[in-house]
Amino acid sequence: MSALERNDMQGLLLSAYGHLPWSANVVLRIDAAARARGWLGSLAGSVTSALGKHRTRGTNVALTYCGLRALGLGGAAGFPLAFVDGMASARRARLLGDCGASAPGAWSWGSDPDSVHVLLMLFADEETGLAAALAEHRAAFAANGLHEIVTLATRRHRDGKEHFGFSDGIAQPAIRGERSSEPARRRTNPDNDVAAGEFVLGYRNEYGRLPDTPAVDAAADPGAVLAGAGGGTHDLGRNGSYLVFRQIEQDVAAFWRFLDDRTRGSEGSDSAARERLAAKFLGRWPSGAPLVQAPLADDPQLAAANDFGFAADRRGLSCPVGAHIRRANPRDGFADEAPRQSVRRSNRHRLLRRGRPYGPRIANVLEDDGASRGLAFICLNSDIERQFEFVQQTWINNVTFCGLANEVDPLVGAQNGSGFYTIADDPLRARVKGIPRFVTTKGGAYFFLPGLRALRFLASLEPVAAG
Ligand code: HEM
């Protein structure tokens, strides 16, 4: 039996909706609070919960801190600083590495936090179904005091590949003791089981503690829509989570041309060497096979493999220490700790990833077609600072990660063109130099993904003066 209150949780927490490949992320501004609350109230009835599977459609919704205020929430305590600051704030931009072309001032949306209030996420099994759902919603925005800021349509392709050409969405933490979206064949690694409280508010986390949760004065919830939280407060956070949304543009041609340039032989391009270097950047082959299990060549039989660690590959001879998947989740591979301790440490910084590609696929990876494409990066966590921001700052963009020097993540790091990438080998390591930045942040925000009771509470708010 599930220990989670699935009927009060939005479905995205427990499912990546792999059966609904078409989706749209609609970013909205609230212009009229009372009407927007009415809209949220009627939406709440059709929000997809984590209870069952909806075959053809899915709807989830999240709000920024400014969005909660715009809705009329004045007296909620306990929202974390990162969420209150917002992703576009100078403090967050600095620690996320959003500088230069990725600086909030250069974003196409989201640089003004008070224009981003609601994220409506629509999912469908068919393109036409998504278009119909989007049209239905669009027809009602203006009358409900909502203004559409941007809509990022995304699609999970049948082969599961993101734009650089690698299989994505393989490694996900499994919530300990839960049946989840993680297919059974991947649930062979107990190291991958993580406490529910790392992702859902109201449950114990990896420290054995309940995560901080926002609460409202009991008097603000006379109908007791929310559960009591002690001390005269009601729990607004229960069964909710924090959702990080980033539009990350990928320069696919720049990526593959760079790899091509670094692997050319006297005969010109060497596609096998190019692909091998790309796999060394990521830590998996294009099929998804992990380098630690398939060090020499891609092996599609291992495409879904997630039952591995890095302890046996301490020096990074198979999977370089600075590879994307090793930085994003070092697993048992911290050299200064026993493997078990290392797993415990890594599991305090896990993310439930729900991102999907946007934009058209490129026809020839070596030719820039000028199209805009990338990843609508979405992840869920109960502590933005300790999880998403930590991964981004302390692992992905850390120039001294695990004893390396002057290197950041070669695939998605904040490169400035002067960094290295070390590929260990015996007897001599190789070093790739002058790596440019292949990804650019184009927009983003931190959202609160409320539980269903919390959604109903927000829809029925009696506005109070901002405190
Ligand atoms: C355009 C940007 C990005 C691309 C193309 C990308 C691509 C990938 C791919 C292909 C994988 C391996 C497949 C898998 O295990 O699902 C992966 C894994 C992962 N990525 Fe990214 N990623 C991007 C950005 C990020 C960012 C910004 C973060 C976090 C701050 C992140 C965190 C992770 C994590 C946690 C894993 C799983 C590692 C593991 O447990 O083995 N990624 N990514």
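Throughout, read-outs are computed from the coordinates displayed, never taken from laboratory work. Note that the structure is a prediction, hence the values are computed from the model and not measured. Using ideal geometry, Cβ is built from the backbone for each residue, glycine included, and neighbour counts are taken over all protein chains shown.
Would you mind working out the magnitude of the charge dipole of the stretch 221-334 relative to its Cα centre, with +1 at each Lys and Arg C-beta and -1 at each Asp and Glu C-beta, to the nearest 20 Debye? Each step should come with its number before you reach the end.
Details: 14 positive and 14 negative charges, 72 e Å.
Here the size comes out at about 340 debye.
Out of residues 5 or more away from A227 or on other chains, whose amide H comes under 5 Å of its own, with H placed 1.01 Å from N in the peptide plane?
D235
Convert each backbone phi in the stretch 351-362 into a coupling constant with the Karplus relation 6.51 cos²θ - 1.76 cosθ + 1.60 (shift: θ = phi - 60°), then list the ³J(HN,Hα) values in order as whole Hz, x for Gly and Pro.
10, 8, 8, 10, x, 9, x, 10, x, x, 6, 7
What percent antiparallel are the DSSP beta bridges of the chain, to the nearest 5?
Taking every DSSP beta bridge with both residues in the chain, the antiparallel ones total about 95 percent.
Taking a ≥ b ≥ c as the square roots of the eigenvalues of the Cα gyration tensor of the chain, is the shape rounded (a/c under 1.5), prolate (a/b larger than b/c) or oblate?
Working: a/c = 1.85, a/b = 1.56, b/c = 1.18.
Taking the square roots of the gyration eigenvalues as a ≥ b ≥ c, the chain is prolate.
Convert each backbone phi in the stretch 27-41 into a coupling constant with the Karplus relation 6.51 cos²θ - 1.76 cosθ + 1.60 (shift: θ = phi - 60°), then list the ³J(HN,Hα) values in order as whole Hz, x for Gly and Pro.
Each residue's phi maps through the Karplus curve to give 9, 10, 10, 8, 9, 9, 4, 4, 5, 5, 5, x, 4, 4, x Hz.
Taking other Cβ within 10 Å of each residue's Cβ, how do D159, D221 sort, fewest first? Working shown, then result.
Details: D159 12, D221 22.
Taking fewest neighbouring Cβ atoms as first place, the list is D159, D221.
Positive end of the dipole of the chain, charges at C-beta (+1 Lys, Arg; -1 Asp, Glu), about the Cα centre: which of P450, A430, M9 has its Cα farthest in that direction?
Final value for the positive-end residue is M9.
Remind me, what semi-axes does the stretch 169-279 give for its equivalent ellipsoid, largest first in whole Å, using sqrt of 5 times each Cα gyration tensor eigenvalue? If you can, show how the numbers build up before the last one.
Working: eigenvalues 458, 75, 21 Å².
Three semi-axes, in Å: 48, 19, 10.
What whole-number distance in Å separates the alpha-carbon centres of the stretch 379-429 and the stretch 132-149?
Centre-to-centre (Cα) distance: 40 Å.
At q = 0.33 Å⁻¹, what is the base-10 log of I(q)/I(0) for the stretch 411-457 according to the Debye formula with one equal point scatterer per Cα and no solvent? Please give it to two decimals.
Taking Cα atoms of the stretch 411-457 as identical point scatterers yields -1.13.
How high is the FRET efficiency from E136 to A33, r the C-beta distance, R0 30 Å, rounded to 0.05? Show your work: numbers first, answer last.
Values: r = 23 Å, r/R0 = 0.76.
With a Förster radius of 30 Å, E is 0.85.
Whose amide H sits under 5 Å from the amide H of G419, counting only residues 5 or more places off or on another chain, with H placed in the peptide plane?
Sorted by chain and number, the residues that satisfy this are G434, I435.
Where a Cα-Cα gap under 19 Å defines reach, which lysines qualify for K280, not counting those fewer than 8 residues away within the same chain?
Hits, sequence-local ones excluded: K161, K433.
When the C-alpha atoms of the stretch 21-66 are aligned to their principal axes, what extent does each axis show, in angstrom, from largest down?
Principal extents (largest minus smallest coordinate, Cα): 34, 20, 17 Å.
Just want the ordering: E5, E267, from fewest to most Cβ atoms lying within 10 Å of their own Cβ.
Values: E5 19, E267 6.
Lowest to highest Cβ neighbour count: E267, E5.
What does the helix-only formula give at 222 nm for the chain: each DSSP H stretch with n ≥ 4 adding -39500 (n - 2.57), the total divided by the residues, and the result rounded to the nearest 500 deg cm²/dmol? Mind showing how you got there, number by number?
Numbers: 10 runs with 91 residues, N = 467.
Computed ellipticity for the chain at 222 nm equals -5500 deg cm²/dmol.
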